[in-house]
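Values quoted throughout were computed directly from the atomic coordinates according to the rules given, and no laboratory measurement underlies them. Just so it is clear, the structure is predicted and the values come from calculations on it, not from any experiment. Here Cβ is always computed from backbone atoms with ideal geometry, including for glycine, and neighbour counts include all displayed protein chains.
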Amino acid sequence: MSRAAVAPRLGRSRRFLLAGVLLLIGAVVSACAAYVGVTQWAQVSSLQKDGVREVGVFHNEGAANCWRHRCWAEFELDGKKVEADLPVLTSAKENKVSREGEPITIRYRPSDPTVAAEEGGLGQVGAITALIGFFGVLFLVAGLVQLVVASRDRTPAQPF
């Protein structure tokens, strides 16, 4: 008995459906990566360009990262203590050592000192965007491969 007779094959419409689903997932994940990258990059770069420079103390509630837990910098402004939230993708560790309680140079907007970004650092924006984008591209490639396999597995007389 031939191998084709033993193993049932997916119908042509199911193979195209699988390719479409993989392409859709890849497009959505890639769009998410682009959204995360653009929004975080825009927030940090606008603070870098227009923000006021200040030295504060870094806090992260003892967490290993800033994307699941709150990170903030505490500094004095006009004699009052201010807690400025740092962007989600700020690095919470430096050389695998926690930065809790360490001095940090930040930039904040004078109109809203409760939002700040670390000076000269984009944190993990590039790394996280690349990681999410990698999975998006992986799904896109798998979808394209499935589409090519599905379209080549037909006879010339068969329409799509």
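Multiplying the residue separation of Arg152 and Phe16 by 0.36 nm and removing their Cα-Cα distance gives an extension gain of 47.8 nm. Sparse packing (at most 13 other Cβ atoms within 10 Å of the Cβ) combined with a DSSP loop state is found for the following trypsin sites (Lys or Arg not before Pro) in the range 37-128: Arg68, Arg70, Lys96.
The loop-placed GluC sites (Glu not before Pro) in the range 19-81, going by DSSP, that have at most 13 neighbouring Cβ atoms within 10 Å of their Cβ come out as Glu61.
Per-residue Karplus couplings for the range 140-149, computed as 6.51 cos²θ - 1.76 cosθ + 1.60 with θ equal to phi - 60°, are listed in order as 4, 5, 4, x, 5, 4, 4, 5, 5, 4 Hz, Gly and Pro entered as x. Scalar couplings 3J(HN,Hα) for the range 23-34, obtained by applying the Karplus form with A = 6.51, B = -1.76, C = 1.60 to θ = phi - 60°, are 5, 5, 4, x, 5, 5, 5, 5, 5, 5, 4, 5 Hz; x denotes Gly and Pro. Going by a ≥ b ≥ c, the root eigenvalues of the Cα gyration tensor, does the range 16-121 fall in the rounded group (a/c under 1.5), the prolate group (a/b larger than b/c) or the oblate group? Prolate, because a/c is 1.5 or more and a/b exceeds b/c. Close amide H pairs (under 5 Å, H built 1.01 Å from N) link Glu119 with Thr105, Ile106, Arg107, residues at least 5 positions away or on another chain.
Sequence-ordered 3J(HN,Hα) estimates for the range 37-53 from the Karplus curve with 6.51, -1.76 and 1.60 and θ = phi - 60° stand at x, 5, 5, 5, 4, 5, 5, 5, 5, 5, 5, 5, 7, 9, x, 8, 7 Hz, glycine and proline given as x.
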